[in-house]
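The values are calculated or read from the model by the stated rules, or taken from the named source; none is laboratory data. Keep in mind the model is a prediction, meaning the values are calculated, not measured. Here Cβ is always computed from backbone atoms with ideal geometry, including for glycine, and neighbour counts include all displayed protein chains.
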Amino acid sequence: MRVLAEKGYQATTVSSITSEADVAHGTFYLYFANKDEVVVGLVAQVWDELFVEIFAGEPSPPGGYDPRRPRMGVRAAVEVYVRHGRLWRSLLEAALTSKTVEREWFGRRRRVQDELVIRFARAQDAGLMRPIDPAVCAEGLMAMLEWFALNRLSFQETALLTDDRDVVDTLVDLWIHALGIEL
């Protein structure tokens, strides 16, 4: 992961991966057909981690909506973005370059969005959220968080994301206001 995070997708080669892992090229090809297979595995790993952290292993609450979840979910997402730092930028670069990685990226991203749709629909059913399209809300709000974190981590200092206590509260307030959630 480190070589991809440091060099970016385009500059990372099978040679740089094998050198970092201290394995022979032949060993690499026993497990992977090419660099994209490694990257697809990393995409799956970080998006699955993001899903688990956002939803804290908790199934969507039946018949209701927990108004504390947005703050906990955004905080968890920010922590995952920080934990993987510049790797996110390299993975996005890969998704924009390789159709194989793009399919994996958007498939994993869709899983997070689908769970948000379920939760937003439940919030609407409970009368806690205004009647707007949950799918559009999930995609738009997730994109806001995703791009905010990617910009902060890729082009600025990580400390700007982790040291600013207002970041999570501000992002959550934007979500809550956009969704019309009543707490």
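In table form, for the structure just shown:
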item	result
Set Leu116, Leu91, Leu50, Leu4: member being within 18 Å of the chain's Cα centre (by Cα), over 17 Å from Ala149 (Cβ atoms) and buried (at least 17 other Cβ atoms within 10 Å of the Cβ)	Leu4
Some residue of region 93-100 being at pLDDT below 95 and basic (Lys, Arg)	no
Tally of residues being under 18 Å from Val80 (Cα atoms), touching a residue at least 24 places away in the same chain (Cβ under 8 Å) and not in a helix (DSSP H, G or I) across region 1-60	1
Test set (1) touching a helix residue (DSSP H, G or I) at 6+ places or on another chain (Cβ under 8 Å); (2) modelled with pLDDT of 90 or more; (3) buried (at least 19 other Cβ atoms within 10 Å of the Cβ) - Ser16 fails condition number	(3)
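Results for (1) surrounded by 13 or more Cβ atoms within 10 Å (Cβ to Cβ); (2) over 16 Å from Arg75 (Cβ atoms); (3) modelled with pLDDT of 80 or more, shown as yes or no for each residue.
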| residue | (1), (2), (3) |
| --- | --- |
| Gly127 | no, yes, yes |
| Arg152 | yes, no, no |
| Phe155 | no, yes, no |
| Thr162 | yes, no, no |
| Val172 | yes, no, yes |
